[in-house]
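Peer 1: Questions regarding the structure given below will be posed in turn.
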Amino acid sequence: LDRVEVVEGPQGTLFGRNSAGGAINFISRPAPKTFKFQNTLSLGNYALLDEAFSVGGPVAENVQASLSFSHVQHNGYQHNVNPGVGDPDAANRTGLRGQVHWDITPDISNTLRADYLDTNENWVISAVLAAPFTSYPDPLANSTLGNLHNVDMNHVPHLSERNYGMSNELNCKFNDNLSLKSITGYNAFSVDRSA
């Protein structure tokens with residue numbers, strides 16, 4: 001992320017009819033003109049692994065490229081005492097984004113971007129037993145009574161989704177008062193939820 005812009009409304013001409021109250025724009029960092037590498041790694045409880053890196057720089061004359069990667073995974077925040085079912089709240093997300101910027105002339109530039117996101121995790125839920133089973137005693141379920149970290153579930157909801165796409169941005173400057181920007185994009189999304 002390069003910067004965040006908060007624009008006072010109405011902004012229907014530039015950002016569409018749903019921006020009467022204004023717009024919040026998240027501006028991506030452009031590909032750097034000098035070599036840059038950045039990496040962050042976080043480890044924590046619940047087997048947390050959170051890594052993000054970006055690398056970029058010039059690849060040819062007037063051409064720059066960058067690649068960013070992010071991966072987050074951790075075990076569930078609650079333990080399911082039902083064996084072999086899995087813990088709720090477990091996360092596993094991976095994202096990838098690349099771009100190539102080409103200054104064709106001093107007044108014409110083109111930026112091609114591609115991104116990919118994969119999510120494969122158990123849903124965030126809250127299922128804590130507040131009273132014991134008395135009609136038919138269930139030792140496994142009753143063992144979680146009063147324990148906010150343990151649950152007894154026969155099935156844990158699961159989410160699996162993929163999102164990927166490409167976009168191309170062409171900028172042309174004709175003079176100090178007239179410029180043209182063309183943005184073309186494609187995005188595909190697939191999701192599988194089991195509740």
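Peer 1: For the stretch 1-151, what is the accessible area per residue in Å², given a 1.4 Å probe and the full set of protein chains? Provide the component values of the computation, followed by the final result.
Peer 2: On the way: 9810 Å² over 151 residues.
Counting only protein heavy atoms, the per-residue value for the stretch 1-151 is 65 Å².
Peer 1: Further question: For q = 0.08, 0.09, 0.16 Å⁻¹, what log10 I(q)/I(0) does the chain give under the Debye formula with an equal point scatterer on each alpha carbon and no solvent?
Peer 2: Ignoring solvent entirely, the Cα scatterers give -0.47, -0.56, -1.13.
Peer 1: Next up: Using the Cβ atoms and a cut-off under 15 Å, what net charge is assigned to the surroundings of residue 87, where Lys and Arg are +1 and Asp and Glu are -1?
Peer 2: Combined, the nearby Lys, Arg, Asp and Glu give -3.
Peer 1: Just 97, 29, 17 to compare: in a GNM of the chain, with alpha carbon springs under 10 Å, which one fluctuates most?
Peer 2: Among 97, 29, 17, the largest GNM mean-square fluctuation belongs to 17.
Peer 1: Determine the order of 153, 166 by accessible area, beginning with the largest, at a probe radius of 1.4 Å. Display every interim value, and only then the final one.
Peer 2: Values: 153 30, 166 105 Å².
Greatest to least solvent exposure: 166, 153.
Peer 1: With a cap of 13 neighbouring Cβ atoms within 10 Å, and only residues DSSP puts in a loop, list the GluC sites (Glu not before Pro) found in the stretch 1-100.
Peer 2: 61
Peer 1: Using a 1.4 Å probe and counting only protein heavy atoms, arrange 173, 33 so the residue with the most accessible area comes first.
Peer 2: 33, 173
Peer 1: Turning to a different aspect of this structure: Out of the total accessible area of the chain (probe 1.4 Å, heavy atoms of protein only), what percent is carbon and sulfur? The partial results should precede the final answer.
Peer 2: Details: 7320 of 13100 Å².
Carbon-and-sulfur percentage of accessible area, whole number: 56.
Peer 1: Right, next: Using the Cα centre as the reference, give the magnitude of the dipole from point charges on the C-beta atoms of the stretch 81-195 (Lys, Arg: +1; Asp, Glu: -1; all else neutral), rounded to the nearest 20 debye. Write down the numbers at each step before the final one.
Peer 2: Values: 7 positive and 13 negative charges, 46 e Å.
The dipole magnitude comes to about 220 debye.
Peer 1: Which order do you get for 13, 40 if you rank them by accessible area with a 1.4 Å probe, largest at the top?
Peer 2: Working: 13 140, 40 70 Å².
Accessible-area ranking of 13, 40, largest first: 13, 40.
Peer 1: A further question follows. If you count only protein heavy atoms and use a 1.4 Å probe, how large is the accessible surface of residue 174, to the nearest 10 Å²?
Peer 2: So the heavy atoms of residue 174 present about 130 Å² to solvent.
The values are calculated or read from the model by the stated rules, or taken from the named source; none is laboratory data. As the structure is a computational prediction, the values presented were derived from the model and not from experiment. Every residue, glycine among them, receives a Cβ derived from its backbone with ideal geometry; neighbour counts consider all protein chains shown. Areas reflect the complete protein model, heavy atoms only, side chains present, ligands, DNA and RNA absent. Shrake-Rupley method; radii C 1.70, N 1.55, O 1.52, S 1.80 Å.
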